[in-house]
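Worksheet for the structure shown next.
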Amino acid sequence: MTKYLLLMILALTLYGSFSLAQEAGNDKRLREIINDRGQAEVTVQYSDFKTIDYLTRNVSIISVKDNVVHVILSPITIEWFILQKFDYNIIEKAEARGIVSVPVTKLLQDWDTYPTYTQYDSIMQSFSSQYPAQCQLDTIGTSVNGKLVLVLKITGNEGGDENKPAVLYSSTIHGNETGGFILMLHLADYLLKNYKLNSRVTDLMDNLQIWINPLANPDGTYNSGDVISDPVRFNANGYDLNRNFPDPITPNTVKQKETIDMVNFMRKHRFVLSANFHSGSEVVNYPWDRWLSKLHADDLWFYDISRAYADTAHYYAGPAYMNDLDNGVTRGAVWYIIYGGRQDFITWELQGREVTIELDNQFITPPPQLPLLWQNNYHSLLGYLENAIYGIHGIVLDSKSSAPVPAKIFISGHDKDSSQVYADTLKGTFVRFLSPGSWNITFSANGYRDTIINDIIVYSGQRTDITVELTPLMNNIDTTIQTVTDIYPNPAISEVSAILPDRLVGTVNVRLFDQAGRLLKDYNTEFSKGTPLIIDIGFLSSGNYAVVFTNRSSQVKVRGRIVVVK
């Protein structure tokens, strides 16, 4: 063996030892950061899609740019990441400082700082107490650590409240993305103060139910107690809540209390339009997040409303703001794929329409910059809500009795991947957003003839109102749907009893529907005269449901209403 060869072997051995020592040092530092702060940010180089997909299935990706994946690790994902032996770099962050709060009165006046959690609770209560006719305070649920996940319902006095479409703004599902938190509080304050003073605000409130949830992850934001000090992305159990929703392909991914509460809340209210506010980039991100090769049926409509938000922000803030990716707009999966995101859950399972809006390249917007963030976005915030006033607004009724019909509303050759919508079970109302043009729409419901309405015109920035009457499938027997009054207890938790008319004696089909007309349960049972029919409702979340009983022989039907409380 030559001297040269010996030197080469020694050099390689020393280099390998150095690399192992460096790797061990990185792993040790990573664990130290996690123990100290509850999360750590790293970057990983990638050369193919498989690397990104492997990472996004197991850890929380926050950005993909220039062949670099930015990842935030939590206490429950760090050991998996270390075991993969990725070549990674740690992003060292400056020591966090607690944000000094000011009196609530100054915060409400200037919106240039962050409240304590106690102050946040007081501010939300003050909105409902100062404006009781326009604002109600509600609770979506509680966090793992028992903090309230609060929401405001804001609406005007004109029109029937329950006939107004419901829309939702929600922010800071990632606890360290704080700009949207204050933006939502500021928006609630602006709407309430300007009702009947500003025509645009008045129009929004008179035509919509506007729900605002400023803080979806209070444990992440206030992880140190009552003040914001070193907030983290994850909930108290270390989970990324925006990777925790039922996925269209793997629906049983829900693990965390905050997610379960939010899912139940959204299933109850069936928001026709919503937005989820984040930070870390400046872009409007629309579905799908989980499919790169699949476009939503209304992809053009999604792009147009996203483009309008970003372009409006450009007009008021200048071209330097919100210009990531396609000048401030992206389809989610084109940026990077995620699984278990809220945006896809709402759009797939609930037939709503949601986008994700990244407000600031900084995760934590510095307090002095909060008023500027408002100025850059509030026109866009109002404009996005106005989309819920446009499109097709209709009601589906029984042509004989004028009773509401929970119909499916779809467009043959256009709708796919759960893009159809449903008429509300109790009211028969629906909203369908479509790009401008002429549309042929089919209305379908069990027990009725399919009805196609041709050439429904949709105009940009306008509302089209229609009333659709469906013809029952009739025979020589009276099958008129009647209302059942003998359902008890009502409200109920786990089961109810129904006393049905004698005409239904025999084999009875029982169908349960939610408020959007989605069939939840369909089964046959035997009904005897004078014997209550027991209905299991233990699997339902809180809310209002419709039940239809049909005698299998005579096709006589009766319907009832069940209120579930948990």
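The values are calculated or read from the model by the stated rules, or taken from the named source; none is laboratory data. In this text the structure is predicted, and so the values were computed from the model without any measurement. When we count neighbours, we look across all protein chains shown, and the Cβ atoms used for this are built from the backbone with ideal geometry, even at glycine.
Of note:
- Boolean, A310 is of a type in the set (G, A, S), under 22 Å from L382 (Cα atoms) and assigned by TED's automatic domain parsing to the domain that holds P165: yes
- Boolean, I173 is in contact (Cβ under 8 Å) with a residue 24 or more places away in the chain, surrounded by 23 or more Cβ atoms within 10 Å (Cβ to Cβ) and more than 22 Å from the chain's Cα centre (by Cα): no
- The residue of segment 108-157 that is surrounded by the most Cβ atoms within 10 Å (Cβ to Cβ), among those that are part of a helix (DSSP H, G or I) and aromatic (F, W, Y), is Y120.
- Among (1) in contact with a helix residue (DSSP H, G or I) (Cβ under 9 Å, 6 or more places away or on another chain); (2) closer than 28 Å to P246 by Cα; (3) in the same structural domain as K255 (by TED's automatic domain parsing) - the single one T429 does not satisfy: (3)
- Within segment 233-244, residues that are within 11 Å of V144 (Cα to Cα) reach partners that are part of a helix (DSSP H, G or I) with beta carbons closer than 6 Å, at six or more positions or on different chains, in the pairs N235/D219; N235/G220; N235/L241; N235/E258; A236/D219.
- Tabulated pairs, segment 521-532, first part of a loop (DSSP other than H, G, I, E, B), second surrounded by 11 or more Cβ atoms within 10 Å (Cβ to Cβ) and not β-branched (V, I, T), C-beta under 6 angstrom, 6+ apart or interchain: P532/S497
- Residue list for segment 159-183, filter: assigned to a helix (DSSP H, G or I) and more than 25 Å from I72 (Cα to Cα): D161, E162, N163
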